[in-house]
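The structure appears right after this line, and notes come after that.
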Amino acid sequence: MTARIIDGKAFAARVREKVKDHVTRLKEDHGITPGLAVVLVGEDPASQVYVRSKGKQTVEAGMKSVEYKLDADTSEEDLLKVVQQLNDDPEIHGILVQLPLPKHLNEDLVIGSIDPAKDVDGFHISNVGLLGTGQKSMVPCTPLGCLMMLRDHHGSISGMDAVVIGRSNIVGKPMAQLLLGDSCTVTIAHSRTRDLPEVVRRADIVVAAVGRPEMVPGDWIKPGATVIDVGINRLDAPEKGEGKTRLVGDVEYESCAKVAGAITPVPGGVGPMTIACLLANTVTACCRANGLPEPEGLTA
Ligand code: NAD
C-alpha cells in the first residue's frame, strides 16, 4: 500500500479562504472586523518568524492585526498591564502571548491573565477545563488542525482506535481530548510507555507529537492506519551543501508511507494548519463575543 498524502498546505489554504469569507460577511453584514493581538517578549529568532507570519496571514484574511514587541527584560507587571489593556479592548477578539517567555516571567500566570474568551491559543486553564469536560472552549491550534484533517479524510472517526504519542499540554493532551470528543478510543503514550511499538500497532489513527526525529518506523504502523506527524525537527543536511539543514517529523516518512493508508508530510502537513487554526479561532472568538453564529467547520 502507498499512503495517500494529506496535504496540509492545501488544506490550510482552504481554511484561510473560509476564514476570509466569514470575515467579509462580518464586516459587510455587521460592521465588525475581528482583531488579533500578538505579544512577543524578547528576540527569540524562531518566535520572531512565527509572529511575522501570524501578522501577515491575519491581515491577508481581512482582520485587524496588532503586534506588541516588548524588550526581553520587560517586567511581569508591565506584561500583565499589556494583557489587561488587550482584555479591555473591544476591537481585540484574540490575544496570543508568544511562548516561550523569558525565564523571569511566569508563563502560567501570564496565560492565566488572558480573558479566556480571547485566549485563541486555548492554553488558559478555563479553556483546558472546558475542553476536558466536552464544553464549548477555545481549542489549541495545532490539535485543532489535526482534528480538521482527520475529519476531512475520514468523514467520521467515531469508534476508531487512536494513539497519541506525547502528553504535552499544548499538543498531546488536548489532541487526546479532541479525539475522545469525536468518540475515538484513545491511548496517550509517552516516554514511560511500556512496549510503545505494540501500543502503536493497535492504532487506526497515530498522532506523533514527541519532538524526536523519525522515531516511529513503518513496522510500528498498522496497515491502512492514518498517521498525523506533528513533529518538527531540524537536522543537518550536508548533502544539500555546507551548513544546510532539512526538516523531518517524528515519524520515518518513507517507511510509514508504505504501510499507512494516509499520512501528513513534514514539512507541508500539520505545520501550515496551526496558523490557519489561529485565524479560525479569532473569528470564532469574535462571533461569540458578538452573539453571532460561529463559522461552520472551523471549530471542534
Ligand atoms: P514536548 O517536549 O512538550 O512533549 C513531548 C512529549 O513526548 C512528552 O510528553 C514526552 O513524554 C513524550 N516523549 C518524549 N520522548 C518519548 C519517547 N521516547 N517515547 C514516547 N514519548 C516520548 O513537545 P511538544 O511541544 O508537544 O511538541 C512535540 C513536537 O511537535 C515537537 O517536534 C514540536 O516542534 C512539534 N510541534 C509542532 C507544531 C506545529 O505547528 N506543527 C506545534 C507544536 C509542536
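Some observations on this one:
- Members of region 43-84 found to be open to solvent by 70 Å² or more (accessible area, probe 1.4 Å) and of a type in the set (S, T, Y), listed by number: Y50
Residues are listed down the side, and each one gets a yes or a no for (1) touching a residue at least 40 places away in the same chain (Cβ under 8 Å); (2) open to solvent by less than 20 Å² (accessible area, probe 1.4 Å):
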| position | (1), (2) |
| --- | --- |
| E198 | no, no |
| G211 | yes, no |
| G218 | yes, yes |
| V266 | no, no |
| A276 | yes, yes |
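- Screening P197, P223, P217 for residues that are within 26 Å of R151 (Cα to Cα) and touching a Ser or Thr at 6+ places or on another chain (Cβ under 6 Å) leaves exactly one candidate, P217.
- Top-ranked residue of region 113-128 - restricted to ones that are open to solvent by less than 40 Å² (accessible area, probe 1.4 Å) and small (G, A, S), ranked as nearest to the ligand (Cβ to nearest atom): G122
- Scanning region 26-42 for residues that are surrounded by fewer than 13 Cβ atoms within 10 Å (Cβ to Cβ) and assigned to a helix (DSSP H, G or I) yields E28, D29, H30.
- Some residue of region 16-28 being of a type in the set (S, T, Y), out of contact with any Cys (no Cβ under 7 Å at 6 or more places or on another chain) and more than 30 Å from N106 (Cα to Cα): yes
- Among residues of region 288-300 that are not assigned by TED's automatic domain parsing to the domain that holds C146 and in a helix (DSSP H, G or I), those with a Cβ under 8 angstrom from a residue that is open to solvent by less than 50 Å² (accessible area, probe 1.4 Å) and not charged (D, E, K, R), sequence gap 6+ or separate chain, pair up as A289/H93.
- For region 247-261, filtering for residues that are without any contact (Cβ under 8 Å) to a residue 60 or more places away in the chain and within 16 Å of the ligand (Cβ to nearest atom) leaves 6.
The values are calculated or read from the model by the stated rules, or taken from the named source; none is laboratory data. Owing to the predicted nature of the structure, the values given are computational and were not obtained by experimental measurement. Glycine gets a Cβ as well: all are built from the backbone with ideal geometry, and neighbour counts include every protein chain shown. Side chains included, ligands, DNA and RNA excluded: accessible areas come from the protein's heavy atoms. Shrake-Rupley method; radii C 1.70, N 1.55, O 1.52, S 1.80 Å.
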